[in-house]
């Protein structure tokens with residue numbers, strides 16, 4: 001009986017040792033898995049930190065570009081207003097030049113007419129002078 005009891009106890013000890021070893025192996029595997037999960041978590045935290053920094057940088061750049069765009073829009077609007085003013089000034093200038101050209105044309109025609117009248121008067125005077133000098 002004692003042999004049986006000792007045998008049973010020995011079998012229980014062996015079973016318990018086997019269970020302890022299985023559990024120790026399982027604990028080691030879980031510890032390794034936890035270390036892997038912690039490494040993954042650290043990597044994800046680093047990626048998140050980098051992503052957040054990139055987001056802040058992108059937001060800063062976007063704000064700067066938005067300000068630049070707004071300045072360019074204001075400048076463009078000012079240039080458009082200047083362009084319209086220059087177009088109006090140019091149109092007035094073109095009209096003034098046309099009016100001046102018309103006056104120059106009229107003055108040229110007047111000069112031409114007066115020159116012809118003078119030439120006619122000179123010819124007529126010459127003819128009269130020739131006639132008067134030929135009679136002598």
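The values are calculated or read from the model by the stated rules, or taken from the named source; none is laboratory data. For clarity, every value in this text was computed on a predicted model and none was experimentally measured. Glycine also receives a Cβ, built like all others from the backbone with ideal geometry; neighbour counts cover every protein chain displayed.
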Picking from 101, 67, the residue that is surrounded by 10 or more Cβ atoms within 10 Å (Cβ to Cβ) and under 40 Å from the mean Cα position of the chain (by Cα) would be 67
Filtering the range 110-136 down to residues that are assigned to a helix (DSSP H, G or I) and modelled with pLDDT under 80 yields 126, 129, 130, 131, 132, 133, 134
Cβ pairs under 6 Å, 6+ apart or interchain, first in the range 28-41 and surrounded by 10 or more Cβ atoms within 10 Å (Cβ to Cβ), second assigned to a helix (DSSP H, G or I), ordered by first then second residue, are none
